[in-house]
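Scroll down for the structure; my scribbles are underneath it.
The values are calculated or read from the model by the stated rules, or taken from the named source; none is laboratory data. Just so we're clear, the structure is a prediction, and the values are computed from it rather than from any experiment. With ideal geometry, Cβ positions are generated from the backbone for all residues, glycine too; neighbour counts draw on all protein chains shown. Surface areas here come from the heavy atoms of the whole protein model, side chains and all, with no ligands, DNA or RNA. Shrake-Rupley method; radii C 1.70, N 1.55, O 1.52, S 1.80 Å.
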Amino acid sequence: YRWVDPADEARSIATIERDGFWRGENVHILRDGTVLHVDSTVSVLTDEANRRIGLLAVIRDITSAKRAAVMQQQLEERARIALDAAELGTWKHDISTGQGELDARARAHYGISAQAVGIDEILARVHPEDLPAVRRTIVAATDPRVKATVNVEYRTVRPHAATRWLLISGTVRFELVDGSERAVVAIGTTRDVTEHRRTQERLHDAD
């Protein structure tokens, strides 16, 4: 095989000469043209007189892991592009602690600056007339006998800001705890549907 980057090979040799040990990730090309990503560890072997007598090299093929990481990165980038195109925010809620995480767009939807936020703070932004429907949605989604999907529209009330309509969608994950199912985490999206609601109202008024 040969190293793709001769400079990497030179640096590894220099490190072995200086320290007697080297570890790193690099890319090799086999004689048949196959490209391998490897994790290598090389140690200098010495005899009783501390004279160098050889090298011990352990080389691990990490090509599959590298490819999987690249694919995961590509999937995340596609998901981000799709979310941006649809103007969706994302959220995650740890049901056991009552704490949640909002991305930048979801924070903007609620008028919240902190990335970590408690469910009580979210509910405090819900219009009082819509709060009962939101609570019913939460109960149905976290009940293991129902396992309803999260799908609810409601108005948000923000300080010094106009009322906005949000569409909240998501799912809840359950785990078996002490022989019974419990809701542990919920994830989903937020979408500002204010203009859509206003269009519906205009059409209703015009009919």
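Within region 152-167, take every residue that is part of a strand (DSSP E or B) and out of contact with any Lys or Arg (no Cβ under 8 Å at 6 or more places or on another chain) and give me the one that is farthest from residue 125 (Cα to Cα). Among them, the one singled out is 152. Restricting 201, 101 to those that are open to solvent by 90 Å² or more (accessible area, probe 1.4 Å) and in a strand (DSSP E or B) reduces the list to 101. Residues in region 111-128 include none that are exposed (fewer than 14 other Cβ atoms within 10 Å of the Cβ), at positive phi and of a type outside the set (Gly, Ala, Ser).
Yes or no: region 8-23 includes at least one residue that is more than 30 Å from residue 115 (Cα to Cα), among the aromatic types (Phe, Trp, Tyr) and not in a strand (DSSP E or B). No; the residues of region 8-23 include none that is more than 30 Å from residue 115 (Cα to Cα), among the aromatic types (Phe, Trp, Tyr) and not in a strand (DSSP E or B). Output the residues belonging to region 168-198 that are touching a Phe, Trp or Tyr at 6+ places or on another chain (Cβ under 9 Å), assigned to a loop (DSSP other than H, G, I, E, B) and open to solvent by 40 Å² or more (accessible area, probe 1.4 Å). Hits for region 168-198: nothing passes. Every residue in region 59-87 that is of a type in the set (A, V, I, L, M, F, W, C) and either part of a helix (DSSP H, G or I) or exposed (fewer than 11 other Cβ atoms within 10 Å of the Cβ) (or both), please. Result: 65, 68, 69, 70, 71, 75, 79, 81, 82, 83, 85, 86.
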